[in-house]
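Here is the structure we will look at, set down as structure tokens.
The values are calculated or read from the model by the stated rules, or taken from the named source; none is laboratory data. Just so we're clear, the structure is a prediction, and the values are computed from it rather than from any experiment. Using ideal geometry, Cβ is built from the backbone for each residue, glycine included, and neighbour counts are taken over all protein chains shown. For accessibility, only protein heavy atoms count, side chains too; no ligands or nucleic acids. Shrake-Rupley method; radii C 1.70, N 1.55, O 1.52, S 1.80 Å.
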Amino acid sequence: MFEDFTPVAVERFGSLVTYWPADKLPNGVSPDCRNVRFTPASVLTREGLTRVFSTGRAARVHGLAGYVQLSGEQIPLVFDELGGLFLESPAASGILLPVGATLVAPAAGSYMNAASAYNRAYLAFGDNRFGASTPASFDGANLDPIGLAPPSGASQAGDSATAGNISPGLRYGMVMFQTRSGYLTAPQPPFSWNASGGHEAIISNLPVGPPQVTSRVVAFSVAGGSSAGPYFYIGSPQTVNGVAETATIVADNVTTSATFNFDDTFLAASTDATANFRNIVLPAETGVWYSPTTRRLLWWGEAGQPSLVRISEPDNPETYYGDTGFALIAEDNGQRVTSCFEYKSQIFVAKERSLYLLTPNNGDPAAWAAQEVSHQVGICGPRAVDVGPEFAAFAHRSGAYVFTGGDPVFISLEIDTLWKRINWAYGHLVWAHIDAEERQLRFGVPLDQSTVPNVILKVDYHEGWEAPVIFSPFTGTTRAYPGRKWSVDDIPALSALRIERRLADNSAAPSYASGALDNELATSQLLFATAVADGSVSAADPSTWTDNGTPIAAVYQTAFLSSSQSSLGASLGIQTLAGISTSLRGAGGLAVEAVPFGRSSHPTLLRTLRLDAAPAGDFKIGGRLQSERIAFRFRAQPEPGAHFELQRLFAFMRTAWQSRI
């Protein structure tokens, strides 16, 4: 059938490349690939999407987080653009229920960013540039504000009629709220009295707090102290040397008076609460990150404080000191903090066009040193960075980067023209996600005129991070190289999350297409928060070839091929195509097109195939066509379940006439 024609083999199917003209690309990369994924030996239609759960509201999903319970179980938290927070319940049921016990009302239109620590989710609400609502914590049942204002009013103190062990002299005291998270507020203004000695103390007019308050903690100075303290409280009652030392905690939110007994020796050896005067209520922030090395939470995006990062006390995620509990990063350089992350036990803070290493010391965060890592590359938003086991990755207006602690490594040169089409007016909504299990890195971006991320730029790194096209200065030619592989997925999503969500059995997720989950999908799912106003969260599902019933428009085009070409890659004449032989499998219809050089928008349809999962052999397709060079495009037909895997291609060509050299 193809006698007297030269077979031109395409045995490697590589990355999308838009930076170089299509006619200059070497065999082995693609000027047009969409909705595909790669193996070392083939290119195939990407996995489909299956709706896992929905809020039931006509609203985009503006936040998706995995809340880790005390049992270690990870539960999805879903936040929509109307300000509603939802929790999957029962676990792995696919049913979302509104979180009912809420003391925080996030502003509609906000985005939720989250950090999980201490069996709670810590939530920031804002527009991904600045905070818009009170930061919150979620314990599985209650959505409470981070911190709480100090008690109002003025408590009163005096000697009780009951004999006791309180020493005589001027004494001071203060009252703090304790919340169900264990947080102690700043105190109300101190009270005082002159103890006559030999009595217990009675404290009246104790403040009553909001619903999250579980106790009132009363702290006292020793006799002869000052209003500045120090102040101590006794956590539990004890009897020491015959003295009944009472706890100075009122373990309810109702009682308005209480009596206490202690001696000054025991009191001064108890818990010092003087530092609570420094506590502030955390302002509205847009981003949050937990640092396991320092055991602190980092928050940023405070209005009017573009260079400020609030930092909690160690193992005390709701305590923030107003005088020292923050770091100022390159203050007054005209850039705002956009993100924080930890990699290899080091904390990095990004601004819009710069990156810094924040080094803790033995002092408070205000004394930590910030060292510039890059003065040109920053991170475009709080979601535009992710940290995996091997590297961190982030997005900036100049491109996509991987980071291992040194200089950021630029990885998006080959799609630079595509990257420049991102609508950077909405760059603060760009997100990054490393899927270490599948060795894929994704960036959700608003392309062209979109105001929300409407496509995913995905790079497969199974074969490493080398560029897919390498230029040889010795031969003056370019060649394809087995490295990173980019493609575009038509998935409008505002974030992605891989969650450890164990499905008890296959019947727990009847909506999955196959009805029988593989072991990986049954324990871990890659979720996408919809950028469409339908309230849905979908999972990547390798058992289906549709996006919730919509056909997947998978396309792969080869480079332009010729049976003879110069050392610079240019064709030496007009080519005659006799046809192709190709190894394909799949299902449904597949259009196979020949694309003449210079006429990419006017391909010639060679044949529409009906694919099979186990074909008897290669497809041989005839097609007389003449052009300087010819590419081949494989396009899944718009029918549910249509998909393909392209493993090999031979184009049979010969030179019709030679060009002059």
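Key figures for this structure:
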| quantity | calculated |
| --- | --- |
| Residue 654 versus residue 413: modelled label distance in nm, points set 7 Å from Cα along the beta carbon direction | 4.0 nm |
| Around residue 643: net Lys/Arg minus Asp/Glu count, Cβ-Cβ under 15 Å | -2 |
| Rounded accessible area per residue of the chain, 1.4 Å, Å² | 39 Å² |
| Cross-link partners of residue 420 among lysines (Cα-Cα below 18 Å; sequence separation of 8 or more within a chain) | 458 |
| Phi-based couplings in Hz for the range 581-589 (Karplus 6.51, -1.76, 1.60; Gly and Pro marked x) | 10, 9, 9, 9, 8, x, 7, x, x |
| Nearby aspartates and glutamates by direct alpha-carbon distance to residue 24 (threshold 13 angstrom, same-chain neighbours under 8 apart not counted) | 414, 628 |
| Which labelled figure in (i) 167; (ii) 183; (iii) 333 is volume of the Cα convex hull per residue in Å³, once derived from the coordinates | (i) |
| Long-range HN-HN contacts of residue 531 with modeled amide H, under 5 Å | 493, 494 |
| By average C-beta atoms within 10 angstrom, highest first, the peptides 71-84, 298-311 | 298-311, 71-84 |
| Accessible area of the chain belonging to carbon and sulfur atoms, whole % at 1.4 Å probe | 51 percent |
| Residue 420-residue 103 FRET efficiency (beta carbon distance; Förster radius 60 Å; 0.05 resolution) | 0.85 |
| Per-residue SASA entry for residue 643, accessible area with 1.4 Å probe, Å² rounded to 10 | 30 Å² |
| In nm, spacing of pseudo-spin labels at residue 238 and residue 616 (7 Å Cα→C-beta vector) | 8.9 nm |
| Environment charge of residue 463, counting only residues whose C-beta is closer than 11 Å and scoring Lys/Arg +1, Asp/Glu -1 | +2 |
| Linear extension gain, residue 170 paired with residue 275, 0.36 nm per residue minus alpha-carbon span | 35.7 nm |
| Virtual paramagnetic centre 7 Å along Cα→Cβ of residue 226, amide N under 16 Å, in the range 141-173 | 170-173 |
| Average projection area in nm² (convex hull over Cα atoms of the range 168-276, one quarter of hull surface) | 6.3 nm² |
| For the chain, calculated [θ]222 nm from helices alone, where every DSSP H run of n ≥ 4 adds -39500 (n - 2.57) | -500 deg cm²/dmol |
| Rel. contact order, % - alpha carbon contacts under 8 angstrom, at least six apart, the range 259-370 | 19 percent |
| Percentage relative contact order, the chain, counting C-alpha pairs under 8 Å, at least six apart | 16 percent |
| J(HN,Hα) series, the range 242-247, from Karplus relation 6.51 cos²θ - 1.76 cosθ + 1.60, nearest Hz, glycine and proline x | x, 9, 7, 8, 7, 5 |
| Overall Cα dimensions of the range 277-392 - principal axes, largest extent first, Å | 40, 32, 24 |
| Among 218, 158, 229 the positive-end extreme of the charge dipole of the range 142-255 (Cβ point charges) | 229 |
| Chymotrypsin sites (Phe, Trp or Tyr not before Pro) restricted to DSSP loop in the range 357-451 with at most 13 other C-beta within 10 Å | none |
| Packing rank of 197-210, 341-354, where each peptide gets the mean count of other beta carbons within 10 Å, highest leading | 341-354, 197-210 |
| Bins of 5 Å from zero: percent of alpha-carbon pairs in the range 410-488 | 3, 14, 22, 21, 16, 11, 7, 4, 1, 0 |
| Environment charge at residue 251 (Cβ cut-off 15 Å; Lys +1, Arg +1, Asp -1, Glu -1) | +1 |
| Integer Hz, Karplus 6.51/-1.76/1.60 couplings in order for the range 116-130, x for Gly and Pro | 10, 6, 6, 6, 9, 9, 9, 10, 10, 10, x, 9, 6, 10, 9 |
